[in-house]
Each structure stands twice: as structure tokens, then as C-alpha cells.
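Notes follow once the structure below has been shown.
The values are calculated or read from the model by the stated rules, or taken from the named source; none is laboratory data. As the structure is a computational prediction, the values presented were derived from the model and not from experiment. With ideal geometry, Cβ positions are generated from the backbone for all residues, glycine too; neighbour counts draw on all protein chains shown. Surface accessibility is based on the protein's heavy atoms, side chains included, excluding ligands, DNA and RNA. Shrake-Rupley method; radii C 1.70, N 1.55, O 1.52, S 1.80 Å.
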Amino acid sequence: MDQAVFPRNFLKTYPQAVRGEGCFLHTAEGRRYLDASGGAAVVTIGHGVEEIGHAMAEQAARLAYVHSSQFHTAVVEKLAERILALAPSGMRRDGRVYFTAGGSEATETALKLARQYWLERGEKKRWRVLSRWQSYHGSTLGALGVSGNVRRREPFAPMFADWGHIPPCYCYRCPMNLEYPECNVDCADELDRLLDRNGAEDVAAFIFEPVVGATLGAVPPPEGYVQRLAEICKRRGILLIADEVMTGMGRTGRPFAVEHWGAVPDMILVGKGLASGYAPLGAVIVAGHVVEAISHGSGSFLHGFTYDAHPVAAAAGNAVLDYIEREKLFERVEPMGRELLDALKPLKKFSVVGDTRGIGLLVGVEFIRDAKTREPFPPDARIATRIQEDTLEGGVMTYPIQGCADGLRGDHILIAPPFTITSSMIQMLAAALERAIADLEKTHRAGTGGSSALL
């Protein structure tokens, strides 16, 4: 079995998933796993909600596909109106939504929109899109080019240009060696300094994750950081793109994470939770002035994918929003997120746990070799993968990542469960993590007295 599938990892044996139900996944081997990572922070309403499948089937039976250059559909228009209604108020008037088949496509769309916006305004020199190290904006070449994920960029580095990156906002490992609040969010001013050094006349936009997702492990910014970035972009006359593929659609307790800090970007990227994994679906929310530059200029956006604005995917998105609204799931995220972080606080008793952080139901746990220096484990120790494998034995799925410390070193796991997670499930998750981390702690302590693979 699976001999014809090209896997993500040839060295890994994958269990065969056969059924999803609520927060759990079931395999052909009869195992049940708590999906504490929502796949890759995708699943919001839970698995196996039959009404979503019914809505998709009804749409497919009526009209499965049209090309977006030839037709529009009512189901897509309805979803666009609903997403705009959730967007920050400053983006709603005359704003539009461009639908894609996922987050990477949304990033590619935003990059081209930013470029064409300036072309329409007669500023042909503007093409660079700046970003941050330790960010991740997608796996396609354009998206990877603006990403700052060192491990994922490295093999493909000759295939794209570095348009300019600034250090991340990462208080636990501050790249400026400063302390908040005395730092006055100096890391945000790095954008100003980069523009001073390299010039701003060819810069089209700045893209960032309001809460850094997989690459850093749910790192939220301190108060004032997002506001400072927005102010710099406005003052410098460059577009601000918020990548909310992971944080959007309620993951942090607000429809979009930028709302925690009152920022109004020029574009917001959406994906993952938009259809809760029931269909491939992404989007770019585009503010009115960007729309107007193109609609009143050439009138045509020179871009498109085959599956843009797919009717069946849009039906899934509408059905997911119906379920979220009826079950009041957005309202559950903040209190359940606090409960989750509280349940993970006892993990700090282990010397190998450096930090637990997050906002809403997007949480990270970082592991360290030395509690005093915060030195990370070496990459070949594969600590995050070890924790993931051990929690899997306890019936809990987490999302392991390496590279949070410096791009190559640093292990953490990401926790991003469905919004339907319950208190008992949170306790199940916390217990599985405690067992896995206790085993790591025991091995690490034994290793510090002699030779150890962890050293």
C-alpha cells in the first residue's frame, strides 16, 4: 500500500487515516488520536461535520466548476461578502476578496497585486516586498522567496533573490538583546533602518505574520509592535500585507489577529481555517484603495489560477461559517485558549522547557538544552520530532518544528486544536505532553553526566 504515492518523507511510516470525528482522527489500525494541531493549524470546526459535506455535494451536483475569467457565481459572491464583513472596518468599504486554492497561492496573488498597484499608479520602480527572518509565507517560489524560514529556503536559495528581511519580533530570544518594554519595540524600527540603508523608492510592500505561526511557534508581538510597523509603512508609503493564513478566521480569538492591535493592513491573506480543511481554499482581502487603483486604471489584474473562486470550495467556506456562527465558535477560542495555556504552565517545571506562549488556540512549546543560557538542542537530536512521536504514542497529535532559535537550531511544537476542543481534551493533551517531556528530561539529565545523543 502507498507505493504509488510520493510522500513528504520517505523515511517515515504514515498511519492510514480513515475517519475524522470532532477533535479525533481514527486510523485503519484502530488507533484514535486527538488532533491537537488541527493538522497544520487548519481544522477549526472539527472533523466529520456532515453538513459541510452535504453543502459541497449539493453545490457539486448543481455546478462544480467554472473558470473565474469567464463566470462569477452566487456562492462565491456570498462568501466574499461574509469575509469582508469580518475584516477590519477600515478594509470593508469598497474592499474585495480574491479567492485562491490555498495560502501559498494567496501570497503569490498579494505579491502580484502589490506590484500591479504601483504600476497602475505610474511608479514602475516599486517591486520589492520586504519581510522578516523567521517568517513563513508559503511553499511556492515567490512565497518562499519572501519567507524568512532558513531551513526551507536553503535548498532553493539559488532560485530566488533576497528582497530584504528584518529581524523577527521574538522577545524570548530578542535579536536586539533588549528587554520589553524598555526596548520600545526597537525591532519594529529595523524596518525604518532597512529602508534608510537600501532606499524605499523601489519597495512595494512589507509582509508579516501578526503572530508568527509554525516557524517560531505561536510567537505573539508585544503591545505597540504591530502599530509601529503599520505607522512606518503608512509614513513611507508602502503597502502592508498581513499574512493571516494561520491566524485568520478566529484562531487567535478575533476574526483576524491584527484586530488585537487595531491595525488596518492594505491586504490580508487567508487560508487554512477558511474552509477548516474541508476544501482547498484561500483568499486575499484587498482594501478599497488597492482595488480602485486597478479597477480605475487598466481594469484588469494580470494574474490567475485554474481553481480560483472554486464553487465547491466556496460552498464549504459558507457552510463552515454557518456552523461557526450557529455554534458561536469564535467566542470559544479566547477562554479555551486561556485554559490551554494554564494547563501547559506546569510543563515549566522541566528544565528542557524554555517557553510556552501563544494567543487564543495557537500555542507553542519551545525546548532548550540549557535553562540558564537558553541554548537550543543540536538539530540532529530531533527533539521536536521525539516529543511528537512520544505524544503520538499517548494518542495525541502535535506539530513539530525545528529552527526557531536561529533558523537551524531550536525545537518547538505547535498546538492548534479545533475550536471545539473541550476541557477534558485539554487535560488529555497536557498529560501526554507531560509524559513525553518527563522522558526527555530524564534522558537529558542522564546525558549531562556522560555521553548522550542530546548533547
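Taking the criterion of being under 10 Å from VAL312 (Cα atoms) and part of a helix (DSSP H, G or I), the residues of region 63-83 that qualify are VAL75, VAL76.
SER131 meets the stated requirement of being open to solvent by less than 60 Å² (accessible area, probe 1.4 Å), modelled with pLDDT of 95 or more, within 17 Å of ASP243 (Cβ to Cβ) and not acidic (Asp, Glu).
Residue under question is ALA4, and the condition is that it be open to solvent by 70 Å² or more (accessible area, probe 1.4 Å), out of contact with any Phe, Trp or Tyr (no Cβ under 7 Å at 6 or more places or on another chain), aliphatic (A, V, I, L, M) and in a loop (DSSP other than H, G, I, E, B); does it hold? Answer is yes for this residue.
Does region 66-75 contain at least one residue that is within 24 Å of the chain's Cα centre (by Cα), modelled with pLDDT of 95 or more, of a type in the set (A, V, I, L, M) and closer than 27 Å to SER139 by Cα? Scanning region 66-75 turns up no residue that is within 24 Å of the chain's Cα centre (by Cα), modelled with pLDDT of 95 or more, of a type in the set (A, V, I, L, M) and closer than 27 Å to SER139 by Cα. Considering region 342-378 alone, what residues qualify as being in a helix (DSSP H, G or I) and in contact with a strand residue (DSSP E or B) (Cβ under 6 Å, 6 or more places away or on another chain)? Selection gives LEU344, LEU347.
One line per residue, one yes/no per condition, for (1) farther than 23 Å from SER104 by Cα; (2) in contact with a Cys (Cβ under 7 Å, 6 or more places away or on another chain):
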residue	(1), (2)
ILE207	no, no
VAL212	no, no
PRO222	yes, yes
GLN227	yes, no
LYS234	yes, no
MET246	no, no
ARG251	no, no
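When you look at HIS54, is it open to solvent by 50 Å² or more (accessible area, probe 1.4 Å), at pLDDT 95 or above and under 30 Å from ALA204 (Cα atoms), yes or no? Considered against the rule, which asks whether it is open to solvent by 50 Å² or more (accessible area, probe 1.4 Å), at pLDDT 95 or above and under 30 Å from ALA204 (Cα atoms), HIS54 comes out as no. Scanning region 196-208 turns up no residue that is of a type in the set (Val, Ile, Thr), surrounded by 24 or more Cβ atoms within 10 Å (Cβ to Cβ), farther than 24 Å from GLU123 by Cβ and touching a residue at least 12 places away in the same chain (Cβ under 8 Å).
Evaluating ARG236 against the criteria (1) surrounded by 16 or more Cβ atoms within 10 Å (Cβ to Cβ); (2) touching a residue at least 40 places away in the same chain (Cβ under 8 Å) leaves one unmet condition, (1). Annotation note: of ARG332, ARG338, the sole residue that is under 30 Å from ALA283 (Cα atoms), free of Cβ contacts under 8 Å to residues at least 60 places away in the same chain and either open to solvent by 60 Å² or more (accessible area, probe 1.4 Å) or small (Gly, Ala, Ser) (or both) is ARG338. Which one of these does LEU178 not meet: (1) open to solvent by 20 Å² or more (accessible area, probe 1.4 Å); (2) more than 29 Å from ASP355 (Cβ to Cβ)? Status for LEU178: all satisfied but (2).
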